[in-house]
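Novice: Below you will find the structure I want to go over with you.
The values are calculated or read from the model by the stated rules, or taken from the named source; none is laboratory data. Everything numeric in this text was worked out from a predicted model, so none of it was measured. Here the Cβ is made from the backbone with ideal geometry for all residues, glycine too, and neighbour counts use every protein chain on show. All accessible areas refer to the heavy atoms of the entire protein, side chains included, with ligands and DNA or RNA removed. Shrake-Rupley method; radii C 1.70, N 1.55, O 1.52, S 1.80 Å.
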Amino acid sequence: MTNFNPRMTVLAAACACVSTVASAQDATLSNPAISAVLDGYYQSAERPMAEREEGFGLGHTELALSANIDDLFYGKLTAVLETHGSETEVGLEEAFIQTLSMPAGFSVRAGRFLSDVGYLNNQHVHTDAFADRPAVYRAFLGSHYFDDGARLDYVAPTDLYWTMGVEAFKGESMRAEDEHGEREFDNIGVYTAYTKLGGDIGISSSWQLGLSYLRNENGRLTAHEAHDEDVVIEDSHDHSHSHSAMYTGENTYMADFVYKWAPKGNYKYQHLTLSGEYFQVSDFAPLAAHELADAHSVEHLPDDQTGWYVSSVYQFNPNWSAGLRYGRVDTQELHDDHFHEQSLKETEVSLAWHHSHFSTVRLQYTHQNGTNFDGIEDDNLITLQYVMTLGAHSAHQF
């Protein structure tokens, strides 16, 4: 049983209880927690940067194994199966160890795991209230950013829930494209820092505010020398590659907020979740472009790339919930010696039926409006999805 400081808020206690460490206390190497998540869908059309394709398909099908290794360490392994056309891909999303008993509120995680930047990123995609992550996540984090690296976390002994941490990652999925294979990338390419602060409002409401920073040493685009020795900047993105950030930069700043309400704190029968995030990506233009701009050879240097979303999900009885989400992402696409401004807006409405905590069937309508974005036209999409969980699955974060 986890011991709580009596001064901690209900939110702090809840966050501690549902962490991957605390939720594994009953699982040991001789009795590990084993689970599977089945994700299937039908989608009427495709959307930019998304993993789901048109027609029938399998989404984020997950196999997980977790247990306490001993009194000092916890371990987790998560494999993911996805279909792309006629091919089935098997990927390793998580394979990490984490300390259980470091002093003074510190903990260390090492291996492959989800980064803790932003609000949604540290959560598995099958827990989302919508079929896909917001466009800003798909553009700047490859839907959900997981990588090989290490994390140092600290939970402060304060009345409010307050945690902070730093991470270092290999960063392969966050690298800017190198079409000619001429660039030497840093082996440790991504560094992050984040803090999250939360508390309660009476007995029915709670909130959390987060600020994150991601430094991408390999995020700036490169310029290549053409055969006539004039500098030409190549188009650098392959929009068909999933799990990689489509648009990168050296610096990414994130802010997130979530508010939750449930009558007397009982989420089983009725609850409301309001959330939103804002991203700003800077320093992505090739250094050579700055030199050309000084010589008036480039039309203009681009502004920052930005994106955001706001979401509202209301479970109005134990079996039904409805969600509304609006998001926008504004990016810059590199063509020859200039940038093209792009914009993508998405309005999404979802209706989900939950027979139990382990089964969800979702119907979602999406209207996407693109301006010069990957050649798409305004479109309406219908997605029918099921998410079913088998076995003992760890609890999820706030």
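Novice: Using protein chains only and a probe of 1.4 angstrom, how many square angstrom of H340 are accessible, to the nearest 10?
Specialist: We get 80 Å² for H340.
Novice: From the backbone phi of the stretch 267-279, what are the Karplus-calculated ³J(HN,Hα) couplings (6.51 cos²θ - 1.76 cosθ + 1.60, θ = phi - 60°) in whole Hz, Gly and Pro given as x?
Specialist: Each residue of the stretch 267-279 in turn: 7, 5, 9, 7, 6, 10, 10, 10, 8, x, 9, 10, 10 Hz.
Novice: Run the 1.4 Å probe and let me know the accessible area of V166, rounded to the nearest 10 Å².
Specialist: 80 Å²
Novice: Also, quick follow-up: Note the full-extension length gain between S282 and T127 as 0.36 nm times their separation in residues minus their Cα-Cα distance, in nm to one decimal.
Specialist: Residue separation times 0.36 nm, minus the Cα-Cα distance, leaves 52.8 nm.
Novice: Which residues does the label zone of Y386 cover in the stretch 46-89, counting backbone N under 16 Å from a point 7 Å along Cα→Cβ?
Specialist: Within reach of a label on Y386, which here means backbone N under 16 Å from a point 7 Å along Cα→Cβ, the stretch 46-89 contributes 56-62.
Novice: On to the next question. Calculate the spin-label point distance for Y253 paired with W353, positioning each point 7 Å from the Cα along the beta-carbon direction, and give it in nanometres.
Specialist: Distance between the two pseudo-spin positions: 4.7 nm.
Novice: Shifting gears a bit: Measuring from label point to label point, each 7 Å out along Cα→Cβ, what is the L211 to E54 span in nm?
Specialist: Result: 4.5 nm between the two label points.
Novice: Pick out, in residue order, every one of the GluC sites (Glu not before Pro) in the stretch 85-194 that is DSSP loop and has at most 13 other C-beta atoms within 10 Å; say none if there are none.
Specialist: Those that pass, being in a loop and sparsely packed, are E179, E182, E184.
Novice: Counting Lys and Arg as +1 and Asp and Glu as -1, what is the net charge of the other residues whose Cβ lies under 11 Å from the Cβ of T360?
Specialist: -1
Novice: Compute the separation of the alpha-carbon centres of the stretch 61-87 and the stretch 149-211 and state it in Å as a whole number.
Specialist: A separation of 21 Å, based on Cα centres.
Novice: Here is a follow-up. Once phi is turned into ³J(HN,Hα) by the Karplus curve 6.51 cos²θ - 1.76 cosθ + 1.60 with θ = phi - 60°, what whole-Hz value does each residue of the stretch 128-140 show in order, with x for glycine and proline?
Specialist: Result, ordered by residue: 5, 8, 9, 5, 9, 5, x, 4, 5, 5, 5, 7, 9 Hz.
Novice: Still on this structure, please answer the following. At what distance in angstrom do the alpha carbon centres of the stretch 346-391 and the stretch 100-124 lie from each other?
Specialist: Cα centroid to Cα centroid, the span is 28 Å.
Novice: Order T222, T158 by their accessible area, 1.4 angstrom probe, all chains in place, largest first.
Specialist: Putting T222, T158 in descending order of accessible area: T158, T222.
Novice: Between beta-carbons, use under 13 Å as the cut-off and find the net charge around L38, counting Lys and Arg +1, Asp and Glu -1.
Specialist: -3
Novice: List the residues, sorted by chain then number, that are 5 or more residues from T222 or on another chain and whose placed amide H is less than 5 Å from its amide H.
Specialist: It is none; the list stays empty.
Novice: How do T88, T360, T371 rank by accessible surface area computed with a 1.4 Å probe, from largest to smallest?
Specialist: T88, T371, T360
Novice: I've got another one for you. Figure the gain on full extension for I203 and T88 (residue separation times 0.36 nm, minus the Cα-Cα span) and round it to one decimal in nm.
Specialist: My answer for the length gained is 36.7 nm.
Novice: Counting only the heavy atoms of the protein chains, how much of K268 is accessible to a 1.4 Å probe, in Å² to the nearest 10?
Specialist: 130 Å²
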